[in-house]
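Accompanying notes for the structure given below.
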Amino acid sequence: MQKAPIPENDKERICALNGLELLDTASEERFDCLTKEAVKRFSVPISTITLVDKDREWFKSAQGLSTREGPRDISFCGHALMSQVVLIIEDTLADPRFADNPMVKGEPFIRFYAGKSLYDRDSNLPIGVFCIKDNKPRQMSVDDMNDFLDLAQRAEDEINKK
């Protein structure tokens with residue numbers, strides 16, 4: 001398993017994340033409606049709006065998970081945070097970075113992942129990820145990708161509302 005990379009500017013990124021004052025706050029419908037829409041639109045069991053903190057990924061909104069956070073080093077979103085494009089893993093068992101990841105081998109048995117970085121507009125630094133996860137391999141069509149990018153943009157817009 002490849003651990004999630006840490007960007008060189010992680011201190012500045014964490015400072016920007018903290019400035020948004022979203023970590024460890026209550027669920028909000030403005031975020032939950034986006035993850036609910038993603039679960040329905042893509043017929044996946046899991047969708048999250050994830051904020052990537054120093055040592056953890058914390059879910060501002062999560063559908064299909066009973067927990068609100070997880071370790072950053074094994075997180076898929078920790079990898080997606082560093083991607084300039086959408087990170088798509090069509091089959092986690094076929095990807096050596098993730099094949100032996102605890103979230104692939106055990107609950108929630110992730111086999112497909114798509115994640116798009118969300119940016120703080122003031123600093124232009126990535127602070128989180130909008131993602132969908134499935135327990136079976138899959139591919140995304142062009143229409144799927146367009147809808148996914150639209151939902152991710154809406155999530156980023158909500159994150160940046162002051």
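The values are calculated or read from the model by the stated rules, or taken from the named source; none is laboratory data. All figures in this text were calculated on a predicted structure; none of them were measured in a lab. Here the Cβ is made from the backbone with ideal geometry for all residues, glycine too, and neighbour counts use every protein chain on show. Keep in mind that these areas ignore ligands, DNA and RNA; they rest on the heavy atoms of the full protein, side chains included. Shrake-Rupley method; radii C 1.70, N 1.55, O 1.52, S 1.80 Å.
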Calculated P(r) tail over 13 Å for the stretch 1-52, as whole % of Cα pairs: 70
Residues with amide H under 5 Å from that of Ile110, placed H, sequence gap 5 or more: Val104
Amide H contacts of Leu125 (H built 1.01 Å from N, under 5 Å, at least 5 apart or other chain): Asp120
The stretch 1-111: relative contact order in percent, alpha carbon pairs under 8 Å with at least 6 residues between: 26
Extent along principal axes [Cα atoms of the stretch 39-162; Å; largest to smallest]: 39, 35, 26
The chain - percent of accessible surface contributed by carbon and sulfur, probe 1.4 Å: 51
In Å², nearest 10: area of Asp53 left accessible to a 1.4 Å probe: 30
Vicinal HN-Hα couplings computed from phi for the stretch 118-125 (Karplus, 6.51 cos²θ - 1.76 cosθ + 1.60; Hz; Gly/Pro x): 10, 10, 6, 5, 5, 9, 6, 10
Distance cut-off 20 Å, percentage of C-alpha pairs in the stretch 46-114 lying past it: 21
Reachable lysines, given that their alpha-carbon falls under 27 Å from the alpha-carbon of Lys162 and they are not under 8 places away in the same chain: Lys11, Lys36, Lys54, Lys60, Lys116
Length gained when the stretch Asp95-Asp10 is fully extended (0.36 nm per residue, less Cα-Cα span): 28.0 nm
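Would you calculate, for the chain, the mean residue ellipticity at 222 nm contributed by helices, counting each DSSP H stretch of 4 or more residues as -39,500 (n - 2.57) and dividing by all residues, to the nearest 500?
Calculated at 222 nm, the ellipticity per residue is -9500 deg cm²/dmol.
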The stretch 64-83 residues near the modelled Ser27 label - backbone nitrogen below 19 Å, point 7 Å along Cα→Cβ: 64-70
For Ser75, distant residues with modelled amide H under 5 Å away: Ala4
Contour excess over end-to-end distance, with Cα ends at Asn160 and Phe109 and 0.36 nm allotted per residue: 15.2 nm
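So with the 1.4 Å probe, I'd like the accessible area per residue for the chain, rounded to whole Å².
48
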Charge tally in the Cβ shell below 13 Å around Asn124, where Lys, Arg are +1 and Asp, Glu are -1, Asn124 excluded: -2
Two-site FRET efficiency, Asp144 against Asp122, from Cβ-Cβ distance with R₀ of 22 Å, rounded to 0.05: 0.10
In order through the stretch 128-140: 3J(HN,Hα) via Karplus (6.51 cos²θ - 1.76 cosθ + 1.60), integer Hz, x for Gly, Pro: x, 8, 9, 9, 10, 9, 9, 9, 9, x, 6, 10, 10
